[in-house]
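The structure under discussion appears below in the form of structure tokens.
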Amino acid sequence: MPQTIAVLDFGSQLTQVIARRIRECQVYSKIYHYSTPAAKLREEGVIGIILSGGPQSVYAKKAPHPDPAIFTLGVPVLGICYGVQLMGHFLGGKVAHSKEREYGHGHLTIKQPGRLFAGLPRRLRIWNSHGDKLTKLPPGFRATAISENSPFSGIEDAKRRFYGIQFHPEVFHTERGTDMIRNFLLGICGARQDWTTRDFIAQAVARIRAQVGKSRVILGLSGGVDSSVAAALLHKAIGRQLTCVFVDNGLLRKGERAYVESLYQRNFHIDLRVVDASATFLRRLKGVTEPEQKRKIIGRTFVEVFEKSLKSIGHAEFLAQGTLYPDVIESVSIGNNPASLIKTHHNVGGLPERMKLKLVEPLRELFKDEVRAVGSALKLPREVVWRQPFPGPGLGVRVMGGITPENLEILRNADAVLQEEMMASGYYYKVWQSFCVFLPVRTVGVFGDERTYDYVIALRVVESIDAMTADWAKLPHDLVQKISSRITNEVRGVSRVVFDVSSKPPATIEWE
Ligand code: XMP
């Protein structure tokens, strides 16, 4: 049984980010409902408690309150944001109610480092997001840090090992926030650093087994990082109880289907059903040129095909999804509420309810880089673990204008050349995405002694952190030259290659 840090969740969407920071310190934590009885925490051997933030006021009618006995367990407590107000409220301080939320960057000045701020510079940039404010310290406490808006930005009762911070140490915008959390875990709680990816995998395997028992689980495999890691993890947990479905929508890249088949069937011995629905997709897309229309047709057809394939596979009780905890930290931007930026994943919209399937989402607490670490530990190849994002509608949004088998073939061949060269040069792993776009524009060229009148391929290679903004990648000229001459020489139907030098915004990464 690992030593456990309890994170009591008072409804902040940053609670998972706190848990992630704790994992970064290789310490084991568990998120508990805010009302969990102190006795249960004691039973579970909790060695420290973190009170999360939350959207409420401690004075609100239905404000979430913890079991007051958590303050008598004798273990260290760190209150973050709403967590500090709770400490004020329960331990005899005063909290002023405010209708306005204080939001955004601030500056912390550390007056008394104590153990929480040990080893940190005296002035740090911090991120605030709170309504109420502590106005009087509870007995036994002293202020350790101030900010422009609060004389109680950091507080402590070192004797009882109670610590409070008014700002959010877990978000990226707070300088050295992880060090504060580490100080709490190691310096104050005395936690051991023994929680690794392998432990996560072992725990996830046990959880999956407990959740699904002997039932059948179905997973829609796209070949992307998330569904691939979910498949490998589920397979480790339940072996042949897992059936993966891979839909060939006719909009895949060259060799993609064969690659997926060989990796998962031959390497991992996963029960993989490949459904070839390319004819249906291409028939429905015939003559459609409007991007949104294409997306809708592809999305709808996918759900239909997937649903039909489930029926043919036979009874299953669970649908597995590679849902991740979204990249909240990278998405936090000044003036925006981090919480409002969280996206929910519903890859197969409405399907679980309609099919009466229960969901298994073994990655839902993880962030992308953690999922990659899990994938590597499960021995998925590097090209899967570090695969660039690929849109659900596939090449359907990379063939401009009407989608025909001929245009798809040209795009596939050109794209294969680009990927080969990106891999060979190592640039595949240095950029965010690299792909070709087919332009249904014919231009004049000359090949040998012959005049040609062929299509244009655009190279789209971008750098980005989160796909919200992007810039075109400054690839070496000799690499671009090699890609261009190989495409015009080797791909029939292309006489011209152009390089897209637009950033996002105002352009988007994909052309449609
Ligand atoms: P844009 O083109 O909006 O793309 O700058 C941002 C990121 O999202 C990917 N993308 C999609 N992914 N379904 C997906 O699963 C889609 O319909 C879709 N459209 C764009 C795109 O490849 C880029 O990484």
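The values are calculated or read from the model by the stated rules, or taken from the named source; none is laboratory data. All of these numbers come straight from a predicted model, not from anything done at the bench. Neighbour counts run over all protein chains shown; Cβ positions are idealised from the backbone, glycine included. Accessible surface is based on the protein model in full, side chains and every heavy atom, while ligands, DNA and RNA are left aside. Shrake-Rupley method; radii C 1.70, N 1.55, O 1.52, S 1.80 Å.
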- In terms of the charge dipole of the chain, which places +1 on Lys and Arg and -1 on Asp and Glu at the beta carbon, the residue among 402, 39, 5 farthest towards the positive end is 39
- Query: Highest mean first, what order results for 285-297, 218-230, 235-247 on Cβ atoms within 10 Å?
  - Reply: 218-230, 235-247, 285-297
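What number in nm² do you get for the stretch 359-512 if you take the convex hull of its Cα atoms and divide its surface by four? Numbers along the way, then the final one.
On the way: hull surface 44.6 nm².
That works out to 11.1 nm², a quarter of the Cα hull's surface.
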- Note on the structure: Note, residue 482: beta-carbon cut-off 13 Å, +1 each Lys/Arg, -1 each Asp/Glu, net -3
- Task: Let me know the Rg and Dmax you get for the stretch 3-79 when you use only its Cα atoms, in Å.
- Result: 12.1, 38
- Counting Lys and Arg as +1 and Asp and Glu as -1, what is the net charge of the other residues whose Cβ lies under 13 Å from the Cβ of residue 252? -1
- Task: May I ask you to compute the full-extension gain from residue 508 to residue 451, defined as 0.36 nm times their residue separation minus their alpha-carbon distance, rounded to one decimal in nm?
- Result: 17.1 nm
- Query: ³J(HN,Hα) across the stretch 373-387 via Karplus (A = 6.51, B = -1.76, C = 1.60, θ = phi - 60°), whole Hz, x for Gly/Pro?
  - Reply: 4, 5, x, 5, 5, 8, 6, 6, x, 4, 5, 8, 5, 10, 5
- For 147, 425, give the ranking by accessible area with the largest first, probe 1.4 Å. 425, 147
- Task: Looking at the chain, send over the antiparallel percent of its DSSP beta bridges, to the nearest 5.
- Result: 50
- Item | Reach of residue 308 by Cα under 18 Å, taken over aspartates and glutamates that are not fewer than 8 positions away in the same chain | 248, 271, 276, 317, 353
- Loop-located trypsin sites (Lys or Arg not before Pro) in the stretch 412-500 whose Cβ has at most 16 other Cβ within 10 Å (DSSP): 430, 474, 492
- Query: Label-point separation (nm) for residue 65 and residue 498, each offset 7 Å from Cα along Cα-to-Cβ?
  - Reply: 6.7
- Per its Cα gyration tensor (rounded if a/c is under 1.5, else prolate when a/b beats b/c, else oblate), the chain is best filed as prolate
- Message: Give the lysines whose C-alpha is closer than 26 Å to that of residue 133, dropping any in the same chain fewer than 8 places away, or say none.
- Response: 61, 62, 94, 99, 111, 159
- Task: Identify the chymotrypsin sites (Phe, Trp or Tyr not before Pro) of the stretch 2-76 meeting these criteria: DSSP loop state and at most 16 other C-beta atoms within 10 Å of the C-beta.
- Result: 59
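Using the Cα centre as the reference, give the magnitude of the dipole from point charges on the C-beta atoms of the chain (Lys, Arg: +1; Asp, Glu: -1; all else neutral), rounded to the nearest 20 debye.
Rounded to the nearest 20 debye, it is 1260 debye.
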- Expected field for residue 441, accessible surface area in Å² at 1.4 Å probe radius, rounded to 10, holds 70
- HN-Hα couplings for the stretch 470-482 via Karplus (6.51, -1.76, 1.60; θ = phi - 60°), in whole Hz with x for Gly/Pro, come out as 7, 10, 6, 7, 8, 5, x, 4, 5, 5, 4, 4, 5
- Mind ranking 47-56, 72-81, 200-209 by how tightly packed they are, going by the mean number of other C-beta atoms within 10 angstrom, highest first? 47-56, 72-81, 200-209
- Query: What's the long-distance tail for the stretch 4-188, i.e. % of Cα pairs beyond 24 Å?
  - Reply: 28
- Nearest 20 debye, what's the magnitude of the dipole of the stretch 354-497 about its Cα centre given +1 on Lys and Arg Cβ and -1 on Asp and Glu Cβ? 500
